[in-house]
Amino acid sequence: MAVGQVKTTNAFPYNFPEEKPNMPLSAAMQRNYDNYMGIRPETNELYTQFKYTKLKGFDYNGGDGTISRRDPSKVIFANGKYYIWYTHRKTPVPPIGLHRAKESSETIPSADWDLSDIYYATSEDGFTWKEQGVAVPRPPKPHVGHRSVTTTDILVFKGKYYLYYQGFTEAPGLNGGDYCPVAVSYANSPDGPWTATNKIVIPNGKPGEWDQHSIHDPFPMVHNGKIYLYYKSDFGKSKTTGMVRMHGLAIADDPLGPFEKHPLNPILNSGHETTLFPFKEGVAAFAIRDGNESNTIQYAKDWVNFEIASTVEMMPDAAGPFIPDAFTNTKKGRGITWGISHFARPHGDWNRNHIILLRFDCDLSLDVEDKAMKKHHIIREFETILKHGLSGNQKKRIAKENEKLMRQ
Ligand code: AAL
């Protein structure tokens, strides 16, 4: 062969074939055709960017850490307006931290979600909100949740409203991390009044089981005429590693239970708070922040066995999307375009620790075609990169490695 000539047989074409070509393909190319809803992010219905907007209408006492709003429910539309429910903490002092839980009291919170009640707010545009006050307060002792009721989510089923939430009977952190099962309250209207069952509806696992300490972030939807409630648990802490966070599923015929935990739990190996929505015949889930597959959106055709559907950036924390078909028992989920999420320590100061609610927008919808949301690569500020600088110890380690090489 002459110099400069390349021997190619059957090279992959320059014009990207929309269909999987009939030719030998690498594992990566097989995956690109087989595993995603589009062969590039622009055509992948489960790929999106996220845009953020500050909400109007909430006061945080100048951000001094005495008021927190976090872990919003999904958004629902009822009575001509949008509704959200969320954890609301108003304490004389900011939280002292999980590691100092023993110093907490009836007025001094350990974690940001300690000593909290469930509040709600309404809006006509999703940007300006009016806080309506408490929906579910902490019940009196000894009922589940008397220490704190937090991290709620809403279900609408056969004309009734149900709020599921974490019920604490001790300060978070007292026994390492959180210790909480899930409780439920119900009402005939989203404005209440709410009746607390004062019973545990999703219990912690038995000692030794993965979800023995916490049932976090309950997230109910309706599928196959049943309540499909996804949740997260923290587990697997060892001497050298932190907690693992994975998600499970519990299913019931009746919103008040009994709920049966799925035998394949955990069903999502990554993620922190739960965010899901019906999509086509299946369900899509956000895997944010933690785990081998964090920063992905995943899809389970059968609502149980999830596969990675896209890799995304800057995902919303604790997102509660507006999901018009969350409770319609749909087999043709249409997806989502916005919701409410939260942002921790907007000022970056642990001594004034609190969380604020925030709006996110995206295009994970079969009904919207927003090209700007399908762009890839977020341009980061130089300052952000510099904040992730090397520590003193890392610099010392590098100096040692250099020295070792020089001596050779
Ligand atoms: C989160 C959630 C749960 C945890 C705590 C408050 O964001 O996973 O709600 O208990 O942190």
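Take the cross-link list 81/375; 90/232; 206/280; 54/237; 332/374; 239/395 and give me the ones stretching past 28 Å between alpha-carbons.
Where the Cα-Cα span goes over 28 Å, the pairs concerned are 81/375; 206/280; 54/237.
Region 212-280: which trypsin sites (Lys or Arg not before Pro) are DSSP loop and have at most 15 other beta-carbon atoms within 10 angstrom? If you can, show how the numbers build up before the last one.
Details: sites: 226, 232, 237, 239, 245, 261, 280; in loops: 237, 239.
Those that pass, being in a loop and sparsely packed, are 237, 239.
Kindly provide the GluC sites (Glu not before Pro) of region 240-339 that DSSP labels as loop, not H, G, I, E or B, and whose Cβ sees at most 15 other Cβ atoms within 10 Å. Walk me through the intermediate numbers first.
Numbers: sites: 260, 273, 281, 293, 307, 313; in loops: 273, 281, 293, 313.
In loop regions of region 240-339 (DSSP not H, G, I, E or B), the sparsely surrounded GluC sites (Glu not before Pro) are 281, 313.
Hey, any idea what Rg/Rh is for the chain, computing Rh the Kirkwood way over Cα pairs? Spell out each step's value before the answer.
Details: Rg = 23.5 Å, Rh = 23.0 Å.
We get a ratio of 1.02 for the chain.
For a quick check, take a GNM of the chain with Cα springs below 10 Å and name the residue from 213, 376, 388 with the largest mean-square fluctuation.
388
With every protein chain present, what accessible area does residue 199 have (1.4 Å probe, heavy atoms only), rounded to the nearest 10 Å²?
140
Contact order normalised by length for the chain, with contacts defined as Cα pairs under 8 Å and 6 or more residues apart; what percent is it? Let's see the in-between values first.
Working: 986 pairs, mean separation 65.1, N = 408.
Relative CO of the chain lands at 16 percent.
Roughly how far apart, in whole Å, are the Cα centres of region 185-235 and region 55-75?
23
Can you compute the modelled spin-label distance between residue 31 and residue 347, with each label point 7 Å from Cα toward Cβ, in nm?
Between residue 31 and residue 347, the simple spin-label model gives 4.4 nm.
Starting from 0.36 nm per residue, how many nanometres of slack lie between residue 174 and residue 132 once their C-alpha separation is accounted for?
Details: separation 42, 0.36 × 42 = 15.12 nm, distance 3.22 nm.
Length difference between fully extended and current span is 11.9 nm.
Using amide H atoms built in the peptide plane, which far-off residues or other-chain residues are under 5 Å from residue 234 H to H?
Under 5 Å from the amide H of residue 234: 214.
In region 103-129, whose amide N lies under 12 Å from the spot 7 Å out along Cα-to-Cβ of residue 141? List them in ranges.
From region 103-129, the list is 106.
Give me the accessible area per residue for the chain, probe 1.4 Å, as a whole number in Å². Could the numbers behind the result be given before it?
Values: 20870 Å² over 408 residues.
About 51 Å² of surface per residue is accessible.
Tell me, how many Å apart are the Cα centres for region 81-106 and for region 330-359?
Taking the Cα centre of region 330-359 as reference, the centre of region 81-106 is 17 Å away.
Restricting to the chain, compute how many DSSP beta bridges are antiparallel as a %, nearest 5. It would help to have the intermediate numbers written out before the result.
Working: 89 of 92 bridges.
If I count the DSSP bridges inside the chain, around 95 percent turn out antiparallel.
Which log10 I(q)/I(0) values, to two decimals, does region 133-273 give at q = 0.10, 0.12, 0.15, 0.19 Å⁻¹ under the Debye formula with one point per Cα?
These q points yield log10 I(q)/I(0) values of -0.32, -0.46, -0.72, -1.12.
May I ask for the equivalent-ellipsoid semi-axes of region 193-266, computed as the square root of five times each C-alpha gyration tensor eigenvalue and listed largest first in whole Å?
Numbers: eigenvalues 124, 40, 22 Å².
That gives 25, 14, 11 Å for the three semi-axes.
Just name one of 360, 330, 68: the one whose Cα is farthest towards the positive end of the charge dipole of region 42-386 (beta-carbon charges, Lys/Arg +1, Asp/Glu -1).
My answer, from the dipole projection, is 68.
Is there a quick way to get the dipole size of region 185-276? I mean about its Cα centre, with the Cβ of Lys and Arg at +1 and of Asp and Glu at -1; what is the value in debye to the nearest 20?
About 360 debye.
Working from Cα positions, state the angle (0 to 90°, nearest 10) between the long axis of helix 392-407 and the longest principal axis of the chain.
It is inclined by approximately 30 degrees.
Just the number, please: carbon plus sulfur as a percent of the accessible area of the chain, 1.4 Å probe, no ligands or DNA/RNA counted.
52
Tell me the label-point distance for the pair residue 301, residue 381, using the 7 Å Cα-to-Cβ offset, in nm and rounded to one decimal.
4.4
With unit charges on the beta carbons (Lys and Arg positive, Asp and Glu negative) and the dipole taken about the Cα centre of the chain, which residue among 92, 193, 219 sits farthest to the positive side?
The one lying farthest along the dipole's positive direction is 92.
Going through region 43-117, which GluC sites (Glu not before Pro) have at most 12 other Cβ atoms within 10 Å and a DSSP loop state? Could the numbers behind the result be given before it?
Values: sites: 45, 103, 106; in loops: 45, 106.
When the GluC sites (Glu not before Pro) of region 43-117 are filtered for loop state and at most 12 Cβ neighbours within 10 Å, 106 remain.
Suppose R0 equals 25 Å; then what is the FRET efficiency for residue 241 and residue 400 from their Cβ-Cβ distance, rounded to the nearest 0.05? Before the final figure, lay out each step's value.
Values: r = 25 Å, r/R0 = 1.00.
It comes out at approximately 0.50.
Rounded to the nearest 20 Debye, what is the dipole magnitude of the chain about its Cα centre when Lys and Arg each give +1 and Asp and Glu each give -1 at the C-beta?
Numbers: 49 positive and 46 negative charges, 197 e Å.
Taking the Cα centre of the chain as origin, the dipole is about 940 debye.
For the modelled label position 7 Å from the Cα of residue 100 along Cα-to-Cβ, which residues of region 332-371 have backbone nitrogen atoms closer than 18 Å?
345, 348-355
Short version: ³J(HN,Hα) in whole Hz for each residue of region 347-352, in order, from phi by Karplus 6.51 cos²θ - 1.76 cosθ + 1.60 (θ = phi - 60°), x for Gly and Pro, what are they?
Once rounded to whole Hz, the list reads 8, x, 10, 5, 6, 10.
The values are calculated or read from the model by the stated rules, or taken from the named source; none is laboratory data. Model, not experiment: these values are computed from the prediction. Because the Cβ atoms are built from the backbone with ideal geometry, glycine has one as well, and the counts that use them run over all protein chains shown. When the accessible area is computed, the model is the full protein with side chains, heavy atoms only, and any ligands, DNA or RNA have been set aside. Shrake-Rupley method; radii C 1.70, N 1.55, O 1.52, S 1.80 Å.
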